[in-house]
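The values are calculated or read from the model by the stated rules, or taken from the named source; none is laboratory data. What you are looking at is a predicted structure, and each value in this text was computed from that prediction instead of being measured. For neighbour counting, all protein chains shown are included, and Cβ atoms are generated from backbone atoms with ideal geometry for every residue, glycine included. In case anyone asks, the SASA skips ligands and DNA or RNA and just uses the protein heavy atoms, side chains included. Shrake-Rupley method; radii C 1.70, N 1.55, O 1.52, S 1.80 Å.
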Amino acid sequence: MDKSSEWLNIVEAVKECKECPLHKFRKNPVPGEGSLNAEVMLIGEAPGRREDETGRPFVGAAGKYLNELLSKAGLKREDVFITNVVKCRPPNNRDPKPEEIMKCSRHTNRIIKLISPKVIVTLGNHSGRYVIEYLGGGRWYGVTRARGKVHDLMVLGLRVKVLPTYHPAAALYNPKLKGNLEMEYVRLGEQVTSVNSGRRSKGRTLLDYFT
Ligand code: SF4
């Protein structure tokens, strides 16, 4: 099956999904969007109000800021693929529950396998824990400690560089985070270049660049 057909199947499965209670609150499920051939995949937490209304990920204020961050990496929205660990909006924008993330993993994992990215950027705590600890078998110490490091992991049979960062909304609430967050996206661009040139900076962390 080609990638476009598989993607349409995933979209249909998400639309019909009632695996967790979040389906009761959605106007539209938000499976994700972007290039099916993307080298970089971003995984956020959950759709918010605007995303629920439009069925598209990261279209609110956080999405606008994410576009700015991607430009620091030399990337455009259409170059990457973006999804969330849950595809339906939690009520009152509460955090997704672990059991909801696990129920939605059937879709998340299918999307990761379809895209087969070289780099995964996790946005926030839930996404970081899911990819690094649950899928990658690494230790998760929370986004504040984990951010800035490049984790070289096997994820669903794929060798992937995983870069945990804050969710862009966190920097909108706390502008003091913006400086480091923007530098992380500059370094994301360098990681993509490094992966493509085969010059992997093994053993280095993003924090190495900050000192
Ligand atoms: S959040 Fe995921 S598992 Fe829950 S109903 Fe929506 S698509 Fe299904």
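A Gaussian network model of the chain, with springs between Cα atoms under 10 Å, assigns the largest mean-square fluctuation among 188, 22, 177 to 177.
Ignoring ligands, DNA and RNA, please state the percent of accessible area on region 3-195 from carbon and sulfur, probe 1.4 Å. Don't skip to the end; give the middle numbers.
Numbers: 4180 of 8620 Å².
Carbon and sulfur together cover 49 percent of it.
Would you tally the net charge around residue 39, using a Cβ to Cβ cut-off of less than 12 Å, leaving residue 39 out, and scoring K and R as +1, D and E as -1? The partial results should precede the final answer.
Numbers: positive: 118, 161; negative: 79.
Its environment carries a net charge of +1.
For the chain, divide the Cα radius of gyration by the Kirkwood radius and give the resulting Rg/Rh value with two decimals. If you can, show how the numbers build up before the last one.
Numbers: Rg = 16.0 Å, Rh = 17.1 Å.
Value, to two decimals: 0.94.
The magnitude of the dipole of the chain, with charges of +1 and -1 set on the Cβ of Lys/Arg and Asp/Glu and taken from the Cα centre, is near 360 debye.
Rounded to the nearest Hz, the phi-derived 3J(HN,Hα) couplings of region 113-128 under the Karplus curve 6.51 cos²θ - 1.76 cosθ + 1.60 (θ = phi - 60°) are 5, 5, 6, 6, x, 8, 10, 10, 9, 9, 10, x, 6, 5, 5, x, where x marks glycine and proline. Each Cα pair under 8 Å and six or more residues apart adds its separation to the average, and for region 3-195 the resulting relative contact order is 24 percent. Along region 165-176 the Karplus relation, 6.51 cos²θ - 1.76 cosθ + 1.60 evaluated at θ = phi - 60°, assigns HN-Hα couplings of 9, 5, 5, x, 4, 4, 6, 6, 6, 10, x, 5 Hz to successive residues, with x for each Gly and Pro. When the chymotrypsin sites (Phe, Trp or Tyr not before Pro) in region 1-77 are filtered for DSSP coil states and for at most 16 other beta-carbon atoms within 10 Å of their beta-carbon, the remaining sites are 25.
Mind jotting down the distance between the C-alpha centroids of region 79-122 and region 130-182, whole Å? Spelled out, the Cα-based centre of one part sits 14 Å from the other.
Counting only aspartates and glutamates at least 8 places from residue 87 when in the same chain, those with an alpha carbon closer than 18 Å to its own are 6, 12, 16, 19, 33, 45, 51, 52, 53, 95, 99, 100.
Pairs spanning more than 26 Å between alpha-carbon atoms, out of 76/178; 3/64; 113/149; 24/176; 18/149; 15/113: 3/64; 24/176; 18/149.
Taking the longest Cα principal axis of the chain as reference, the axis of helix 61-72 is set at about 30 degrees.
Using only C-alpha positions, report the orientation-averaged shadow area of the convex hull of region 105-191, nm², one decimal.
On the way: hull surface 22.0 nm².
For region 105-191, the mean projected area of the Cα convex hull comes to 5.5 nm².
Local charge for residue 105 was computed over the other residues whose Cβ lies under 15 Å away, with Lys and Arg +1 and Asp and Glu -1, and equals +2.
As a test, work out the antiparallel percent of DSSP beta bridges whose residues both lie in region 107-178, rounded to the nearest 5. Mind dumping the intermediate values first?
Details: 5 of 10 bridges.
Of the beta bridges lying entirely in region 107-178, close to 50 percent run antiparallel.
Under a 5 Å amide H cut-off, with hydrogens placed 1.01 Å from N, residue 150 pairs with 206 among residues at least 5 apart or on other chains.
Nearest-5 percent of antiparallel DSSP beta bridges in the chain?
On the way: 7 of 20 bridges.
In the chain, DSSP labels about 35 percent of beta bridges as antiparallel.
Of the residues 81, 132, 28, the one whose Cα sits farthest toward the positive end of the charge dipole of the chain, with +1 on the Cβ of Lys and Arg and -1 on the Cβ of Asp and Glu, is 132.
For the residues 147, 49, 89, a GNM of the chain with alpha-carbon springs under 10 Å puts the largest fluctuation on 49.
Amide H contacts for residue 121 (H built 1.01 Å from N in the peptide plane; partners 5 or more residues away or on another chain; cut-off under 5 Å): 41, 42, 43, 163. Helix 178-197 and the longest principal axis of the Cα set of the chain meet at an angle near 80°.
Per-residue 3J(HN,Hα) values for region 16-26, derived from phi via the Karplus relation 6.51 cos²θ - 1.76 cosθ + 1.60 with θ = phi - 60°, read 8, 5, 10, 6, 10, x, 5, 4, 6, 9, 7 Hz in sequence order (x marks Gly and Pro).
Over the chain, give the accessible area per residue in Å² for a 1.4 Å probe, as an integer.
Heavy-atom accessible area per residue stands at 48 Å².
Projecting the Cα atoms of 148, 38, 96 onto the dipole axis of the chain, where Lys and Arg carry +1 and Asp and Glu carry -1 at the beta carbon, places 148 farthest toward the positive end.
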